[in-house]
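Trainee: Here's a structure for you.
Just so it is clear, none of the values below were taken in a lab; they were calculated from the coordinates. Keep in mind that this is a model prediction, so the values were computed, not measured. FYI the Cβ positions are ideal-geometry reconstructions off the backbone, even for glycines, and counts take in every protein chain you see.
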């Protein structure tokens, strides 16, 4: 088995004396069947998760979106009453999700995160069937968005990203960071084929998003994505070249696509430019 892929799918929980904690039943199922996949839903239905993340606490939806995009979120576990029925704040909900295994907890920084790809897929299942508007639709259409990138159809990519554009109470659509959340949701299906890196060092700076194919999908092109806010997609593409972001992929020998994405604040439209990278 590809142990890096197994780690991405089933590791992520940690305690002070044990930095790597895998989901044991999932690992056993993976090894017995010889394939990586989601075995969590054989023991626990995502409807249980859906019940809690749909609770109407201020900021809860924003935090879930941020964690699905790979962020860690501060949490106060001290107010939790240790039952599964009494909830007064979003922190109570997040604390329960730690107990149920739907979140990992960093005790040093006092924050929560989605521990691995298996659990993240349960959030996708829950959100996709919930009434989360643009977020639910973006997840459902993410395969089409990814395919449009592979086929170098930038207009279709821009359209899908526009459909994924969302604003909630805390995440306002006014900077590149918020745009990165939208891209992460619009390209969620990429996690099935790629290892995703945010702010990957390369050349003379940091690439916003880099998608590297997993071992079993080496025929897929790697993606280097640069985001711009109220500038230009062409400028984003030029920055990838000027700052030599592809230098970090010197050992990668497959196809590589450069993707520039910009949000025009005046027209409220997204634009996209896709170009195949030619190695010097």
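Trainee: For the stretch 152-280, what does the relative contact order come out to in percent, with C-alpha contacts under 8 Å and a separation of six or more? Write out the running numbers ahead of the final one.
Mentor: Working: 239 pairs, mean separation 31.0, N = 129.
For the stretch 152-280, the relative contact order is 24 percent.
Trainee: With an 8 Å cut-off on Cα pairs and a minimum separation of 6 or more residues, tell me the relative contact order of the chain in percent.
Mentor: Here the relative contact order equals 13 percent.
Trainee: Show that you can apply the helix-only estimate: for the chain, add -39,500 (n - 2.57) for every DSSP H stretch of four or more residues, divide by all residues, and state [θ] at 222 nm to the nearest 500.
Mentor: -11500 deg cm²/dmol
Trainee: May I ask you to compute the full-extension gain from residue 99 to residue 238, defined as 0.36 nm times their residue separation minus their alpha-carbon distance, rounded to one decimal in nm?
Mentor: Result for the pair: 45.4 nm of gain on full extension.
Trainee: Here's something else I'd like to know. Subtract the Cα-Cα distance of residue 77 and residue 152 from 0.36 nm times their separation in residues, and report this length gain in nm to one decimal.
Mentor: 22.4 nm
Trainee: Same structure again: Hey, quick one: spin label on residue 192, modelled 7 Å out along Cα-Cβ, who in the stretch 121-154 has an amide N within reach, i.e. under 13 Å?
Mentor: In the stretch 121-154, the label zone of residue 192 (backbone N under 13 Å from the point 7 Å along Cα→Cβ) covers 121, 125, 139-148.
Trainee: So, one more: May I ask for the angle, rounded to the nearest 10°, between helix 24-33 and the longest principal axis of the chain, with both axes built from Cα atoms and the value confined to 0 to 90°?
Mentor: Its long axis makes an angle of about 60 degrees.
Trainee: Rank by packing, highest mean first: peptides 112-125, 230-243, 86-99, with packing defined as the count of other Cβ atoms within 10 Å averaged across residues.
Mentor: Details: 112-125: 21.5, 230-243: 16.9, 86-99: 18.9.
Peptide ranking by packing, descending: 112-125, 86-99, 230-243.
Trainee: Distance in nm between label sites at residue 41 and residue 276, each 7 Å beyond Cα in the beta-carbon direction?
Mentor: Taking the simple label geometry, residue 41 and residue 276 are separated by 3.6 nm.
Trainee: Taking only Cα atoms and a 10 Å spring cutoff, compute GNM fluctuations for the chain and point out the largest among 249, 32, 49.
Mentor: In the Gaussian network model the winner is 32.
Trainee: Can you tell me the orientation of helix 176-186 relative to the chain, as the angle in degrees between its alpha-carbon axis and the longest Cα principal axis, to the nearest 10?
Mentor: 80
Trainee: OK, next. With angles folded into 0 to 90 degrees, how steeply does helix 134-150 sit against the dominant principal axis of the chain? Use alpha carbons for both and round to 10.
Mentor: Tilt of helix 134-150: around 40 degrees.
Trainee: Now for a separate question. Can you figure out the FRET efficiency of residue 131 with residue 204, using R₀ = 41 Å and their beta-carbon distance, to the nearest 0.05? Could the numbers behind the result be given before it?
Mentor: On the way: r = 45 Å, r/R0 = 1.09.
The computed FRET efficiency comes out at 0.40.
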